[in-house]
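I have placed the structure first, in the form of structure tokens, so that the comments after it can refer back to it.
FYI, it's all coordinate maths here, none of it is from the lab. What you are looking at is a predicted structure, and each value in this text was computed from that prediction instead of being measured. Because the Cβ atoms are built from the backbone with ideal geometry, glycine has one as well, and the counts that use them run over all protein chains shown.
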């Protein structure tokens, strides 16, 4: 049986590895078959076939037929999809509950204490790091904003204003941030006007004729600045530099925010 590699790769979405994909599709084409037959059809080593078939059985993709020699029956693909979906939801819920239980726990308190002690031992010049990928950059921005106590300054592009407006509102509109001074500087155009207006009740929004760069400053202490323009950079290749330096943060804020 010849199955295209591209098709087998798509089966990774079902949570199958290469051997599992080959044996399952081979069994689907036969309906019922032995491990030896499937091994020959799928070009999977016989020494691995039984282990892989057991794994497929545990995952609910196949059923072992009673009798000798041992044969296997393929489960209907539509039923498999439902089982996979159900398992993903259950696993996600378990992970969510496990992480949720850490909040306010002794473990988290100890981890926070370790981090605080570790930070105290680090020279300020060492508190810098590169963050790669726009998703990771946005996640780091979110963390910085959530921990803001005094001020947040966002200097961004037209595209950045549209993209970050909802994130800013979701975090900074909460009561714990009511005393945080928020300033946003960006080109306000027809396409970004709505995003700018949505922020005016929680921030001072200022128009800049052209982008001054891409920065996030928090509490006059932390700076996250991006190295490349947002419009022409693929999200995967975006890079941000995080610096924890009150001198740099305050100097930059004074120079840009007038």
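In this rough spin-label picture, where each label sits 7 Å from Cα along the Cβ direction, the residue 66-residue 194 distance is 6.3 nm.
Subtracting the Cα-Cα distance of residue 99 and residue 50 from 0.36 nm times their residue separation leaves 14.0 nm of extension gain. Placing a label point 7 Å from the Cα of residue 130 along the Cα-to-Cβ line, the residues of segment 233-258 whose backbone N sits under 20 Å from it are 233-245.
For the chain, a Gaussian network of Cα nodes joined below 10 Å ranks 62, 202, 131 by mean-square fluctuation, and the top entry is 62.
Listed values (1) 1.12; (2) 1.49; (3) 1.39 include one computed from this model; for Cα Rg over 2.2 N^0.38 Å that value carries the label (2).
Among 222, 100, 54, a tally of other beta-carbon atoms within 10 Å of each Cβ gives an order, fewest to most, of 100, 54, 222.
Compute the long axis of helix 106-120 from its Cα atoms, compare it with the longest principal axis of the Cα atoms of the chain, and write down the angle in degrees, 0 to 90, nearest 10. It is inclined by approximately 50 degrees.
The label point for residue 166 and the one for residue 40, both projected 7 Å from the Cα toward the Cβ, are 5.6 nm apart. To the nearest 10 degrees, how steeply does helix 158-172 sit against the main Cα axis of the chain, on a 0 to 90 scale? So the helix axis and the longest Cα principal axis differ by about 90 degrees.
Against the chain, whose longest principal axis is taken from its Cα atoms, helix 46-58 shows a tilt of about 70°. DSSP bridge analysis restricted to the chain gives an antiparallel fraction near 75%, rounded to the nearest 5. Only helices enter this figure: runs of n ≥ 4 DSSP H residues, each worth -39500 (n - 2.57), summed and divided by the residues of the chain, yield -15500 deg cm²/dmol at 222 nm to the nearest 500. Working note: Debye formula, equal point scatterers on the alpha-carbon atoms of segment 5-78, no solvent; log10 I(q)/I(0) at q = 0.19 Å⁻¹ is -0.68.
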